[in-house]
Amino acid sequence: MELTSSLMTCTGINSLVEKRPPAIEVSRAPGPTSERGREAVSGRVTDDDGLSHVMVFAGGDKVFFESTSTGQQLKAVPFTADVDLQNGENVVTVLATDQEGYSTTRSVVTWFDDRAVAQANPESSGPH
């Protein structure tokens, strides 16, 4: 209780503002399993105070990057990344950071098995 009253005395009630990290909306992503070796992940990142950068990673590989210039204040950044899926679990992560350094992430997980695709399409799996 003492800490709260001390904080309010030092900063004043009017200057207490709840800071929120950027918001990530994924509008297009693969489902839990994919039958294609390449999928797109799309969406939009927003922040009222302005974004610093948006990145999309497929596993450890950066597949999208958008950064603002000094003095620029983008409040919304659309993104689309085409991702080559690997056999097994694939994690695609969107990382957004605002101008004040607050960050947030959103991940999409999908499973891909190229052997299942080859069995479903036997004519495309071998030499002709």
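Read-outs: derived from the displayed coordinates by stated rules, not from any lab. From a predicted model like this one, the values you see are computed outputs, not experimental measurements. Cβ sites come from the backbone with ideal geometry, for glycine too, and all protein chains shown count toward neighbours.
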Quiz item: Using Cα-only point scatterers and the Debye equation, what is log10 of I(q)/I(0) for the stretch 18-122 at each q in 0.12, 0.18, 0.20 Å⁻¹, rounded to two decimals?
Solution: -0.44, -0.80, -0.93
Practice problem: Rank the residues D49, D61 as a footprinting-exposure proxy: fewest other Cβ atoms within 10 Å of their Cβ go first. | Solution: D61, D49
Quiz item: Tally Lys/Arg at +1 and Asp/Glu at -1 over every other residue whose Cβ is under 15 Å from the Cβ of A96; what's the total?
Solution: -1
Quiz prompt | Debye, to nearest 20: dipole size of the stretch 18-122, +1 on Lys, Arg Cβ, -1 on Asp, Glu Cβ | solution = 120
Quiz prompt | Cβ crowding within 10 Å averaged over residues, with 81-94, 29-42 ranked highest first | solution = 81-94, 29-42
Practice problem: Within the set of other residues whose C-beta is less than 15 Å from the C-beta of D49, count the net charge using Lys and Arg as +1 and Asp and Glu as -1. | Solution: -2
